[in-house]
Amino acid sequence: MRLQAALNGDRTKAEHVATPVSVEELACDAAACVAAGARAIHLHPRDSEGRQTLEAGVVDEVVKKVRGACGVPVGTTTSAEIEPDPERRLGLVRAWREPDYASVNLSEPGALELMEALVEIGVGIEAGVWTVEDAERLAATGFGE
């Protein structure tokens, strides 16, 4: 079993002042979580204005710096809430080089294509299974193993 710390999700500082948003805040919180026993980190990278992004330049920089600060695998999101266009989201994800893994919500459009792209670029998959139907979708992909 591996304990994963999810640092921020879609939350903002407006929801809680301590929510880590900047790469420096994420790196500091990740190191603290690893010191407390976490063995993996999940985060949602933000652009310079604090908005969630799937842009490769931001994602790769954040993941690399956070991994350097904490020394454990670092994963990110592929959430359709960040980029609702499945084709654009797929293109953004294909440009990534640094994440160790990424979550893919099986209930979102384009999930299978995202999973295939992640395998192609050598990024692990963390399946987002929210319903029985999602579990059935995952089983049908062949990625469930």
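Here the condition is being touching a Cys at 6+ places or on another chain (Cβ under 6 Å) and over 16 Å from Asp10 (Cβ atoms); of Ala31, Ala27, Ala36, it holds for Ala31 alone.
Of everything listed in (1) surrounded by 12 or more Cβ atoms within 10 Å (Cβ to Cβ); (2) part of a loop (DSSP other than H, G, I, E, B), the single unmet condition for Cys28 is (2).
Okay, residues lined up against (1) more than 14 Å from Leu7 (Cβ to Cβ); (2) touching a Phe, Trp or Tyr at 6+ places or on another chain (Cβ under 6 Å); (3) at pLDDT 95 or above:
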| position | (1), (2), (3) |
| --- | --- |
| Gly37 | yes, no, yes |
| Ile41 | no, no, yes |
| Pro45 | no, no, yes |
| Glu49 | yes, no, no |
| Thr53 | yes, no, yes |
| Gly57 | yes, no, yes |
| Glu61 | yes, no, yes |
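Can you confirm whether Thr12 is of a type in the set (Ser, Thr, Tyr), in contact with a Phe, Trp or Tyr (Cβ under 9 Å, 6 or more places away or on another chain) and either more than 30 Å from Val132 (Cβ to Cβ) or surrounded by 14 or more Cβ atoms within 10 Å (Cβ to Cβ) (or both)? Break it down stepwise before answering.
Values: of a type in the set (Ser, Thr, Tyr): yes; in contact with a Phe, Trp or Tyr (Cβ under 9 Å, 6 or more places away or on another chain): no; either more than 30 Å from Val132 (Cβ to Cβ) or surrounded by 14 or more Cβ atoms within 10 Å (Cβ to Cβ) (or both): yes.
In short, no.
Identification of helices (runs of 4 or more DSSP H) wholly contained in the range 70-145 with 3 or more residues that are within 15 Å of the chain's Cα centre (by Cα) yields 86-94, 111-121.
Taking the conditions exactly as written (acidic (Asp, Glu) and either touching a residue at least 40 places away in the same chain (Cβ under 8 Å) or touching a Leu at 6+ places or on another chain (Cβ under 7 Å) (or both)), does Glu49 satisfy them or not? Show your work before the answer.
On the way: acidic (Asp, Glu): yes; either touching a residue at least 40 places away in the same chain (Cβ under 8 Å) or touching a Leu at 6+ places or on another chain (Cβ under 7 Å) (or both): no.
Spelling it out, it is not the case that Glu49 is acidic (Asp, Glu) and either touching a residue at least 40 places away in the same chain (Cβ under 8 Å) or touching a Leu at 6+ places or on another chain (Cβ under 7 Å) (or both).
The values are calculated or read from the model by the stated rules, or taken from the named source; none is laboratory data. Since we're looking at a predicted model, the values are computed, not measured. Positions of Cβ are backbone-derived with ideal geometry, glycine not excepted, and every protein chain shown enters the neighbour counts.
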